Amino acid sequence: MTIDPAFRDVAAIWGAGLSTLILLAKLLPSRPLFLLEPGQPPTADLTVRIINPSKSMRLVRERYRWKLTGQGRVIGVFTRRSRLSDAGIPGTLVLALKGESEATVLINCLGDRDQPDVGRWLICFVWRGSWMIPVGIPAFIFVSTARAKQLNAAIQADAPPSEAKRL
């Protein structure tokens, strides 16, 4: 017995697959964007901008931090409204992003001990979107002291002399 697919069989399978993908794209929530940027002196070495492109609210929570390499102190993850005592404790940062808005998360990773060594961390944020998916979807951010130094040095090099003194 041989299977001889006709053109309409292939077209039916193609149409069923395409319509399933279109339905899933409509039902699944759009993912927030996590962008790593230079820090805002004197409080932060790096900045993570979280952009919510969808029209509905997203709940973003920092879950855990893994120290990959380096020695030194604990990395600080906070916003302008965070309590200072919570900056070094993983899992304390929770953000509610309204539709089509953004939030800024500040990261403090450089210290006197970290200067000769390169410290690297992996920060896991978990976001939840709609009622269709009741579980958190992870988003990972890689942070290193070397990258923070490069980004901040590039900003200071591009700034006019009067602003570079202020930074």
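The values are calculated or read from the model by the stated rules, or taken from the named source; none is laboratory data. These numbers come from a predicted model, not from an experiment. Ideal geometry is used to build each Cβ from the backbone, glycine not excepted, and the neighbour counts take in all protein chains shown.
Does I123 meet the test of being modelled with pLDDT of 90 or more, within 22 Å of S54 (Cβ to Cβ) and out of contact with any Pro (no Cβ under 7 Å at 6 or more places or on another chain)? Step through it out loud before you land on a result.
Details: modelled with pLDDT of 90 or more: yes; within 22 Å of S54 (Cβ to Cβ): no; out of contact with any Pro (no Cβ under 7 Å at 6 or more places or on another chain): yes.
Here the answer is no, as I123 does not meet what is asked.
Candidates in the range 97-120 are the residues that are at pLDDT 90 or above and of a type in the set (G, A, S); of these, the one that is farthest from A139 (Cα to Cα) is S101. Checked across the range 152-165, the condition of being surrounded by 14 or more Cβ atoms within 10 Å (Cβ to Cβ), in contact with a strand residue (DSSP E or B) (Cβ under 6 Å, 6 or more places away or on another chain) and modelled with pLDDT of 75 or more holds for at least one residue. List, please: which pairs have Cβ atoms under 6 Å, are six or more places apart or on different chains, and start with a residue in the range 87-98 that is exposed (fewer than 15 other Cβ atoms within 10 Å of the Cβ) and end with one that is part of a loop (DSSP other than H, G, I, E, B)? Close Cβ pairs satisfying both conditions: K98/M57. Select from the range 132-150 the residues that are modelled with pLDDT of 85 or more and part of a loop (DSSP other than H, G, I, E, B) and list them in ascending order. The one that is modelled with pLDDT of 85 or more and part of a loop (DSSP other than H, G, I, E, B): G136.
Please enumerate the residues belonging to the range 38-90 that are among the hydrophobic types (A, V, I, L, M, F, W, C) and either more than 22 Å from V118 (Cβ to Cβ) or more than 18 Å from the chain's Cα centre (by Cα) (or both). Walk me through how you get there before you give the answer.
Initially, the range 38-90 is screened for residues among the hydrophobic types (A, V, I, L, M, F, W, C), giving 44, 46, 48, 50-51, 57, 59-60, 66, 68, 74-75, 77-78, 84, 87, 89.
Hits for the range 38-90 are I50, I51, M57, L59, V60, V74, F78, L84, I89.
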